[in-house]
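One structure is given below, encoded as structure tokens.
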Amino acid sequence: MATAPTAPPPPPPWPANEAKVPNTSEIAWSRITPSLPCLEKLRLLCHSQKELEREGYVTKPLSAAEIEAKARCMRCGKRAPRRQPQRQKSKASTGVVNGDKKTQTQTDLDLTLTANVDTKEEEEEEAMDENEDETPNISTAKPKKKSPPPSCTYHTGVVRNKAFTCCGQHVTTGGCIEALEHTLPEPDDPLLHKSWQFYTTPPNPAQLNPAINASASASANGTHGSPLSGPRRRGHKQGRGQQQQQERTNQPRHLEAIALDCETGVAATGHPELIRLTAVDFFSGAVLIDKLVAPAVAMTHYNTRFSGVTAADMREAVRTRTAILGGRDRARDALFRGGGDHRRVGPDTIVVVHGGCNDFTALRWIHPLVIDTHILEGYTGVKTEGGRSLQNLCRLRLGIAVQVKRPRLLSFDRPGVVGGQTQTQTQGQIQSQSRTRSHRPQKGHDSYEDAMAARELLVHWMMRIPDS
């Protein structure tokens, strides 16, 4: 009989164990045995579309109006309301149309009000003239209207060594150039609409971009699109049958469940942009993808304080070809296409996240089966002391510390699929196929650790559901 997920022994209470940062050297992630009861519990905890929409998830493609509302100033990157054109007065308000008595009455009323206003203004001017004669020493000059403050402040340079090249100021300082109004893209800007297209999980990888499929299959088979290579060159049914058998064998299988986390930087447009993607198998904990994502758009900065990714990290990953090139579209396709073990994300795959609204938005991804441990914590109906952040929930519910500064390995430069990872391996012990990277102080979050922590929180919830 299949067993339920077994949790590690409970850690000593924190901070009663007099440890400032408990369990930093090693986090014993739970071992989970795949079983039908486990899958039933996972499906039971999946959220409805209404729940996801309340938390800000996108559950259907955006309309043209919703995409236009995403527009930001092309200079400062701030969101600004689009100025509406002034409405012209209709002809009916200026005279009689077809003998309409109501229109004529409205016109007479407008003329009366205008005459009254003119008379009142004349009386006020006469009174002011009299006051000027009585008090000639007082200045009657009207104060000048103050010019409106600039609504747009921006930099024209780029960020280098944490400073803007245009003015030399730190990256956190405001713009060095001011403008009275924001500069928004056109309402029907094709780049804006293309950037905010969301994609649902395809049941078959063949439904992805045909150009990407052709290049991927050609490179995988070593044919590079040559029509005279492979079994077809033999010209008999045996070769064609072997090819069909190989295609059936190589068909990716859908993963039952994964844990996912993303890191984002800030694009030149002001929108968050995907720069790192991590996905692990929920049951085995094996890393499916843990790579930097080279953005396809210009970047302002990589948000290193929170993402943990520096510009030097990205340049090195691009130089060594260990990053996913082509931006978020290629990263999303990597999930849908699967890896060397022929497993991929399908419509029936359960995706585990913590506060994953921004992760799915960064991937421009719509998925039907999502478990958000941030939403699960709200099911208790009791306000969580310290909030529902991943760090606080891991401390309160699991007694482990995540998102703390500690020496770690650069794990995001290893290949996309890492096989043979044992359950005793933890963050700081994972090796790439070529070499182990040296330790350096951690900057920001680690998406691998965050994905595993969300997985661990879900195990905590599953343990509270009886098997029967």
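Every residue, every condition in (1) farther than 22 Å from residue 161 by Cβ; (2) among the aromatic types (Phe, Trp, Tyr); (3) surrounded by fewer than 23 Cβ atoms within 10 Å (Cβ to Cβ), yes or no:
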{"residue": "256", "(1), (2), (3)": "yes, no, yes"}
{"residue": "275", "(1), (2), (3)": "no, no, no"}
{"residue": "290", "(1), (2), (3)": "yes, no, no"}
{"residue": "293", "(1), (2), (3)": "yes, no, no"}
{"residue": "300", "(1), (2), (3)": "no, no, yes"}
{"residue": "305", "(1), (2), (3)": "no, no, yes"}
{"residue": "310", "(1), (2), (3)": "no, no, yes"}
Quick one: in segment 373-402, of everything that is out of contact with any helix residue (DSSP H, G or I) (no Cβ under 8 Å at 6 or more places or on another chain) and among the charged types (D, E, K, R), which residue is surrounded by the most Cβ atoms within 10 Å (Cβ to Cβ)? 395
For the structure I just gave you, tell me whether residue 86 is modelled with pLDDT under 50, surrounded by 12 or more Cβ atoms within 10 Å (Cβ to Cβ) and polar (S, T, N, Q). no
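The values are calculated or read from the model by the stated rules, or taken from the named source; none is laboratory data. Computed from a prediction, not measured in an experiment: that's the story for all the values here. For neighbour counting, all protein chains shown are included, and Cβ atoms are generated from backbone atoms with ideal geometry for every residue, glycine included.
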